[in-house]
1. Enter the accessible area per residue of the stretch 279-327 (Å², integer; probe 1.4 Å; all protein chains in place).
2. How much accessible area does residue 500 have with a 1.4 Å probe, in Å² rounded to the nearest 10?
3. Considering only protein heavy atoms, what is the solvent-accessible area of residue 213 at a probe of 1.4 Å, reported in Å² to the nearest 10?
4. With charges only on Cβ, +1 for K and R and -1 for D and E, what is the dipole size of the stretch 176-234 about its Cα centre, in debye, rounded to 20?
5. On the protein heavy atoms, probe 1.4 angstrom, tell me the percent of accessible surface of the stretch 53-112 carried by carbon and sulfur.
6. Mind listing which GluC sites (Glu not before Pro) in the stretch 228-336 are in a DSSP loop and have 11 or fewer other Cβ atoms within 10 Å?
7. Please report, in whole Å³, the volume per residue of the convex hull around the C-alpha atoms of the stretch 176-234.
8. Could you tell me how far the Cα centroid of the stretch 282-329 sits from the Cα centroid of the stretch 381-411, in Å?
Amino acid sequence: MDVRRKQTKPTRPVAGGPPLKQQLNPHLARTTHLHNHTRPSAPQASDALPLPLYLTNGIFFTLFFSVAYFLLTRWREKIRTSTPLHVVTLSEIAAIVSLIASFIYLLGFFGIDFVQSFITRASHDAWDVEDDNDQFLIKEDSRRGPCAAAPAIDCSLPPVAPKVVDPPPPVPPSSEEDEEVIKSVVAGTTPSYSLESKLGDCKRAAAIRREALQRMTGMSLVGLPLDGFDYDSILGQCCEMPVGYIQIPVGIAGPLLLDGMEYSVPMATTEGCLVASTNRGCKAIYASGGAMSMLLRDGMTRAPVVRFATAKRAAELKFFMEDPGNLDTLSASAFLRSSSLSDSVCCRSSRFARLQGIQCAIAGKNLYMRFTCSTGDAMGMNMVSKGVQNVLDFLQSDFPDMDVIGISGNFCSDKKPAAVNWIEGRGKSVVCEAIIREEVVVKTLKTNVAALVELNMLKNLTGSAIAGALGGFNAHASNIVSAVFLATGQDPAQNVESSHCITMMEAVNNGKDLHVGTVGGGTQLASQSACLNLLGVKGASKESPGSNSRLLATIIAGSVLAGELSLMSAIAAGQLVNSHMKYNRSSKDVTQLLPLKEKGGNI
C-alpha cells in the first residue's frame, strides 16, 4: 500500500457553463488547499515495518549506505590481500541481502512516485490543450507554494476567501491568422522562441508572444511599452523572446573638462540626484581648470581550467606557459595567421587581438591559465576565447594527457568580485586626477578642504578597510559606472569589476586646494549609438584601433571623479539626506496613474 499523498487531478472550469466566479468556490478551494497540505495529526505506519513512515525511510536509507560501505571496505581488503572476491563470509552474505532488500524498498518507494509524476504531468498537458476557449480563463494555480513545505497550518482559524482577480481583457488580434498563432502558442503547439523565424516579422512576433503570455498567466502587461522599438536590431544578438522594452530616462552631466576636451556625459538612471550630483562635480572640475587622465592597463582576460593525472604534470605545463621564451610561440598558435611571429597584430579570429601575458595557478592536479589580451575597440571576450581555444588545441600535441575541463575556470574573473581583478586589472585601468581650488570647494561644493580630506580618510579608506572591501574604497563609483554603461550600451553586469575604484583626497598648496584622484577600471560591449556618438566614441577607430574604447574608459573615470567629489562634499556638508528628500521622492499618487486593472492587485 502506498501511503504517500494521493495526487488528484485539479477541477477544471466547465466551458460554456456558469460564469467563472460561480464555478470557482473560494471557500471550497481554501478547504481543499488546507486538506492537501496540512500534516496528518498522527504519523502513519508503512507496510514494510510497523513504524511511522519517516522512521522506516530513515532506517532503510541508513541500512543501504552502511552495508554498501561495509562491502566496499571488505572488497578493498580482499584486493589488497589477494583474496578471491567470491569467497564470502556469513556477515558479507547478510550485508548483501540487506543491501538488496533496502535497494528494493527505496526503488519501490521513490522510483514508482518518479514514474507516476511523469504520467500525471503528461495527462495534465494533454488536458490543458483540449479546449482553446479556456485560453481566456485563469487557470487554477497548481504550483506548489510555501504552504507545501510548511510544517503545519492552523486549521482552527476560519477559512479566508482568497481575493479573486479578474483576468485582463484579451487584446483583439490584428487578424484571424494572428489569433490562430496565439492559440497555438498558448496550447504549446508553436514554441514561443520560434515566432520570429516562422513569421518573419520581429515586431509581430513580440506582439503575439506578449498576448499569449497574458492569456497563459492571467496577468496584464499594460504599462510595458511595445511600440516604438526596433525589434529587428536585437534579433540574434541582444535579447531573446522579447515582449516589450523598459524605459530608462537618460540625463546629461557636464560639460566634463577632461584632458583639454569637453564631454557631455549621458547617464541612464532612475535614481534621483545622481545626474545632478555628477553635474555639480563636473562644474567644480571645470571651474578649477579640468581633470587629467592616463590609461594604465588595457587587457581582457580568459582563464581555462585543465586537469592532469598528477600535480607534477600540471606544474610542468605551468612552467612552460610562464616561460617568456614561449610567449611568441603561444601567441602565434593562438592569434597569428602569418608566418612572422613578430606580426602579432594579425589574428585568426580578429585583426586586433594580441596576447600580452599568461598567469598560471595550480590547485592540486588542476591548472588555471589566465590569458591577458588586447582587443582593440571591442570588449573582446569572444575573440579572446577563440584564441585561448587555439592555444589549448596547440598544447594537446605536447601535453596529450591534458584534460580540458572548461574554457573558463573563473580565474578570469568575469563579472564577479575577485582580488585578482583588483590587483592585476581586467579591461581598462585608468587613473584620473584634478586639483580643485579652495574657492570652488567653498562656493560650489559648499564645504572645505580639511573636511573633505578627513571624511575621505575615515569613510573611503578606513571605513572600507573595516568592512573588508574588495576594491570598494570609494563613495559610489558603481552608481556612475552603471549609469554610463546603460546609456552607452555596455554590459551592466561588468559593473562588478568596473567599479573597483579607490578615491584619494589630499590638501595641496599649503592646505588651500584639494587634490582628488581615482584609479579604476571599465569594460565595454555593443553600443547605444546616439549616446556614444555624443561622446565621439561611436564605432571602432580606423586610424588608431582601440582609441575609442580607451577614450570611453577615461571619460567614465572622469565622470566617477566628478561623482565622488560631489557626493563626498554633500556628506561633509550634511546635505545628503536633505537633497534626496527633495529630489528623490515623488509627491504623486502612483495608484492614480495606473490603469483600473492594475489597481486590482496585478502589479
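The values are calculated or read from the model by the stated rules, or taken from the named source; none is laboratory data. The shown structure was predicted, so the numbers you read here are calculated from the model rather than taken from an experiment. Note that each Cβ is placed from the backbone with ideal geometry, even for glycine, and that neighbours are counted across all protein chains shown. The protein model used for the area step is the full one, side chains on, heavy atoms only, and it has no ligands, DNA or RNA in it. Shrake-Rupley method; radii C 1.70, N 1.55, O 1.52, S 1.80 Å.
1. Accessible surface, normalised per residue, equals 47 Å².
2. Only protein atoms counted, so the area is about 10 Å².
3. Surface accessible to solvent at residue 213 totals approximately 60 Å².
4. 280
5. On the way: 3230 of 4120 Å².
Exposed carbon and sulfur together represent 78 percent of the surface.
6. Values: sites: 240, 262, 271, 316, 322; in loops: 240, 271.
Counting only loop positions with at most 11 other Cβ atoms within 10 Å, the GluC sites (Glu not before Pro) in the stretch 228-336 are 240.
7. Details: hull volume 5.2 nm³, N = 59.
Normalising the Cα hull of the stretch 176-234 by residue number yields 88 Å³.
8. Distance between centres, Cα-based: 17 Å.
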